[in-house]
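Note sheet for the following structure.
The values are calculated or read from the model by the stated rules, or taken from the named source; none is laboratory data. Note that this is a predicted model, so its numbers are computed, not measured. Here the Cβ is made from the backbone with ideal geometry for all residues, glycine too, and neighbour counts use every protein chain on show. Note: accessible area is taken over every heavy atom of the protein model, side chains too, but ligands, DNA and RNA are not part of it. Shrake-Rupley method; radii C 1.70, N 1.55, O 1.52, S 1.80 Å.
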Amino acid sequence: GFFNGAGGGMEHEQEQVQQPVLPPRDVQSPAVDPAYDPWEDKKYFDEYAKLDIHCDMLHDASRMDTYYNAIMQNPQDFKDKVVLDVGCGTGVLACWCALAGARKVYAVEACSVADQAEMIVLRNGLTSKVEILRGRIETLVLPEKVDVIISEWMGSFLLFESMLESVLWARDHWLKEDGKLYPEIGRLYVLPICFDQFFEKKVGNLHDVRGINMSILGPLARKELTTWGIRGRKVKKECVIGTSQLVREVDVRVVQPQDLLVWCCVCMLCVVLVLVCFMCCVSLAFPS
């Protein structure tokens, strides 16, 4: 299924994708981007240090099933391979890669949840394979290049969390020439939805509240709910009233950081569409 960007989401696609011409590798020593903002970085990582966010992701069946199936259905990509997990969070993807046969998994995490990831690796008896590395991937030096880079970098409107730039850094510095990216393609779609039942439940029946007519609140409350109330809500199939349309595709194998600037306009368009009851969906394609 899809994630919706009235939240975020994904669909696992095992498809044959034409191999692109890869960009030249930059093998210079890692260095922090000149545009790096320490305050913004701290704010971002402090937010992702909250365990409730990670528990929400772990309970997101669509997200978890997508990655689990992609790993376990492609054992040839992981057996005796070296894997890099960028932004490993609680370490679940790194552990799955180890269970799929990876020789070594370097799991990079810059926020304090790395402490919990390390305990999870220990609890599951995977310390011989999974190594938690604390810090931003841009500042770390790995002992070797890797065969696979895996990351759950997508957010609302696909690129909201800006994690992709770190994945691209890792790709250009640490991925072998014949290495693979999980996922390798991300697509953003929009499709129209009808939330009349939701609005009726929230702001309906205001014309008689125990004898008081409060219907004047209806239009104002509906406008407020349209702006904020539907974000992150699950959309039932019966609420979808049209077919999805592709907005943008990102090929992680070849895209460059400067190419992501155009997404500022794309994301603004999607925000506007969500405000008029369109849903944004993400689909992912993995190596096959």
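Structure notes:
Listed here are the residues, each with its yes/no results for (1) at pLDDT below 75; (2) in a helix (DSSP H, G or I); (3) aliphatic (A, V, I, L, M).
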residue	(1), (2), (3)
Glu161	yes, no, no
Arg171	no, yes, no
Asp178	no, no, no
Pro192	no, no, no
His207	no, no, no
Gly242	no, no, no
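- The residue that is surrounded by the most Cβ atoms within 10 Å (Cβ to Cβ), among those in segment 193-214 that are among the basic types (Lys, Arg) and within 30 Å of Cys281 (Cα to Cα), is Lys202.
- Lone qualifier among Leu225, Leu220, Leu159 - being on the phi < 0 side of the Ramachandran plot, within 24 Å of the chain's Cα centre (by Cα) and hydrophobic (A, V, I, L, M, F, W, C): Leu159
- Checking Leu142, Leu188, Leu168 one by one, the residue that is open to solvent by less than 20 Å² (accessible area, probe 1.4 Å) and in contact with a Lys or Arg (Cβ under 6 Å, 6 or more places away or on another chain) is Leu188 and no other.
- The set of residues in segment 170-187 being under 11 Å from Val252 (Cα atoms) and aromatic (Phe, Trp, Tyr) consists of Tyr182 alone.
- Residue in segment 94-102 that is out of contact with any helix residue (DSSP H, G or I) (no Cβ under 7 Å at 6 or more places or on another chain) and open to solvent by 10 Å² or more (accessible area, probe 1.4 Å) present: yes
- Filter result for Cys55 (within 25 Å of Val130 (Cα to Cα), modelled with pLDDT of 55 or more and surrounded by fewer than 16 Cβ atoms within 10 Å (Cβ to Cβ)): yes
- Candidates Val271, Val262, Val247, Val235 - the one that is part of a loop (DSSP other than H, G, I, E, B), of a type in the set (Val, Ile, Thr), open to solvent by less than 90 Å² (accessible area, probe 1.4 Å) and at pLDDT below 85: Val235
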